[in-house]
Structure formats: structure tokens, C-alpha cells
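Report on the structure given below.
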Amino acid sequence: MKREARASNGLSPKRLRSHAVGGKEVPSLGAPSPKPRSQTYVTAGHVVVISEVLEVEDPLAEVQELSRRLDSTRGCLLSSSYEYPGRYGQWTLGFADPPLCLEAWNRKFQVTALNRRGVCFVPTVFDVLKETAAVAEVKMDGPDKIIGEVKESEGYFSEEERSKQPSIFSVVRAFVNLFESGADHHLGLYGAFGYDLAFQFEKVKLHKDRDPQQRDLVLYIPDSLLIINHQQQQSWKMEYDFVFASGGKMLSTKDMDDKGPEVAFKPRTQMPLGVDKRELKQGEFAKLVGAAKEKFLRGDLFEAVLSQTFREPCKSRPSEVFHCLQGRNPSPYGFLMNLGEEEYLVGASPEMFVRVERNLKGLRVETCPSVAPLQEARTPWRMLSTLRRFSLIRRKSLRSQCVQM
């Protein structure tokens, strides 16, 4: 459908200071910033952004409709099922039909316009990637697609500098630098990162075969966001239009169709041909555990995380699985993502990995390891006793893992 042309109120960009109350720093706990005002601003990469804030009358109905759309349309829904004072805020954020997608396979990447509005992004993004030092080669593949590859890192990088070596994150940083603005805390890249991205920083010998078609990264730039701050009982939509300048031409998304392709979810009652329900045959995992125990006795291992994958055909829609998870396993981090190519990511995480936010002193970085440092734990049994005093580490599986250490 077409977006209606709307006038901007011409407000000058102002940095929101939701972290300051009475002169004191107040962490956001991951919740969205307070409801902003409609405005027009210019990003660090000279992109003009026109954002309009719209009221949401029925937040619950909007979330239900968005989750239903994600069964067949690309996009993301991030939602918290509960809040914990001083730790987590309850919030919801989501979108469907994003205009642009960034995907990566090892060091190769692709930028794709997903609808007519996304085509306006492509020339400016291409100009930026051409000037990115970490990019070995990049070219246009038609008016709606960019393909490229990141350089292999050379030389030695210290521990503090290793994340700055050439990698797919160099491309992500180029996007961030293009769209960054202190005027808007919601516009950004949303999606999924694969574990194998870590190997771009640490060259480790791989022992398992990789599917060359498996993507390591899928990120979207949205042009419409549904945002709900449950604690403040506020809900709103942010609708974006963009104006780009590239090659002496001006490109604008105003009045353009934002409808992307739809691919209906295909329920399964049987496994695909050639795909087993379990990764390892019966008894093989137990053998791996036995081998690990021997290595622990010799002192070859300090910790080992063994795993195997189990698969089951799914006939329920992703949105149904998501809402079921939220009911049965309330968590501060729930997610439903349609990554395209019939790939969905649905889950509920009880703990954050890392959280970064800006406060009055700069950047505040917070991380939550599964096991806290225990200075007084001289033996595994004393460590186990100490762990009982941590409310976040009471599951038997974690206790047994710590005893193995």
C-alpha cells in the first residue's frame, strides 16, 4: 500500500535524555526511550529522515496483527513478557515489510531492496561501501542489489583491537555510520547474528562441515516501527521516510509502495528427505561425554560444552509458537523473526548477553555471564554451596556444570 504524504513539524533534532532523572543516571533496562515527537533530521551520513509518531489505540491488537503478518512477511517482533525492578523493563518493538536487508555468508555479503522503497537506499549504500577500507570488492547487481566481499585480515591484532580487523562487522559499522543520529534512538539494524561470525576474529580450525548457503547474518532497516513501553503505558508507531543524494540525484521514499513479497508458512508433518531427527546416533553423545571426562582427568580440559541438534517437523505457525512460549516461559527477551527463505527464529531468553547504552558519563556496557566470579570458592563443593546464594543460578544443570569445572 502507499504511504500517505504527511507534513513534518520541522523540529530540530534533540538528544533524548531518558537516562537522567534529578541529575542521576537511570539505566533504561533495555526498554525503549520515552515517546518522541515527529521530526525531520539529518543523519551522520547526510541522509534526511522524516519520522512521524502516530498514536496506537489498541496495542494488544497491533501486536497480534504484527505477529500474524510475520508468518508470511519478513520482519521482527521483540517482546518482553515480564519486568524485574532494577533489572529488566517490559517492552515490545516490532515491524514488518522492511525496505532493506543485509545478509552475509562468511566474508561475502549482499544488500537487497525488499520493495520499491528499498531501491532508493541502494545507490547511497553502494557509495558508502565503495569507500569502506575493509571491503575488498563491491558491485551493483541490478538496481536493487549490492554484492561484495570483506578483506581477509592481515598482520597481528592485539586483544583490544581484534574486533576492529576487517570482518562483516566492518560492513555493519558502515551502515551504522550512515544512519546514526542522536535525534532518534529507535531507527537501527534489527535481526539475527550467527555464532560463526566469531571465527572472523579468531581463526579456529573448523571440525564440522558448513552449509555454504547458510547465512551468518540477517539484518533489516525498518521504515515503520511499533513500540510499546508497558511500564509507562505508552504505545506508538513511528513511520519513516528517507531522502538520499547519490550521483547528483535526489531519491525519496515518500508516497512509495511499501509492500514486500509474501511467502506463506508451509506446515510440516514429516521431516524433509535426507534430514534426520537427531544429529548423532543413539549412544554417540554418551561416548563424547566419556571422552571429555578422560580429558578432564588428564587436565587437558577446563570446561567443555557438548551439544547435539534435535529436529522435529512443525505444523504450527511461527506466531503460534511464539505466543505459546511467552505464556509457558515468560522471559525478558522474546523474539519472533521472519528471516526470509522459509527461515524463522522464535525463542525466549531468560538473560541478556550484553547491553550497551549511553548515559551522562559516556557508554555503559553491561554483561551477564552465567556463572559469577566466586572468590571464596576453593573447592567445587564450596563453589556449589556459594552458588545457592545466587538467585539467577539455581538450576541443577548449571550446578553440575560448575562442579565439573
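What the table below lists for this structure:
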{"item": "Ranked by how many other beta carbons lie within 10 Å on average, peptides 331-340, 238-247, 84-93 from highest", "result": "331-340, 238-247, 84-93"}
{"item": "Positive minus negative residues near Arg68 (Lys, Arg vs Asp, Glu; Cβ under 15 Å)", "result": "-4"}
{"item": "Kirkwood Rh in Å, taken over the range 157-295 so that all alpha-carbon pairs contribute", "result": "21.0 Å"}
{"item": "In sequence order, calculated HN-Hα J values of the range 248-259 (Karplus, 6.51, -1.76, 1.60; Hz; x Gly/Pro)", "result": "x, 10, 9, 10, 10, 8, 4, 6, 8, 5, 10, 7"}
{"item": "Length added when fully stretched, Ser181-Lys203, from 0.36 nm per residue minus Cα-Cα", "result": "4.5 nm"}
{"item": "Cross-link pairs beyond the 27 Å C-alpha cut-off, checked among Lys35/Lys108; Lys108/Lys361; Lys145/Lys259", "result": "Lys35/Lys108; Lys108/Lys361"}
{"item": "Kirkwood hydrodynamic radius (C-alpha pairs) into Stokes-Einstein, the range 241-318, 25 °C and 0.890 mPa s, D in µm²/s", "result": "131 µm²/s"}
{"item": "Ordering of 176-189, 53-66 by packing [mean C-beta count within 10 Å, highest first]", "result": "176-189, 53-66"}
{"item": "Extension gain (nm, one decimal) between Phe157 and Arg87, 0.36 nm per residue minus Cα-Cα", "result": "21.7 nm"}
{"item": "All lysines inside 19 Å of Lys266 as judged from Cα atoms, apart from same-chain residues fewer than 8 positions distant", "result": "Lys277, Lys315"}
{"item": "Table column - 3J(HN,Hα) (Hz), the range 214-230, Karplus curve with 6.51, -1.76, 1.60, x for Gly and Pro", "result": "6, 7, 8, 7, 9, 10, 10, 10, x, 10, 7, 10, 9, 10, 10, 9, 5"}
{"item": "Rg [Å, one decimal], Dmax [Å, integer] - the range 133-219, C-alpha atoms", "result": "15.0, 46"}
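Rule-based calculations on the coordinates, nothing more; no lab input. Computed from a prediction, not measured in an experiment: that's the story for all the values here. Using ideal geometry, Cβ is built from the backbone for each residue, glycine included, and neighbour counts are taken over all protein chains shown.
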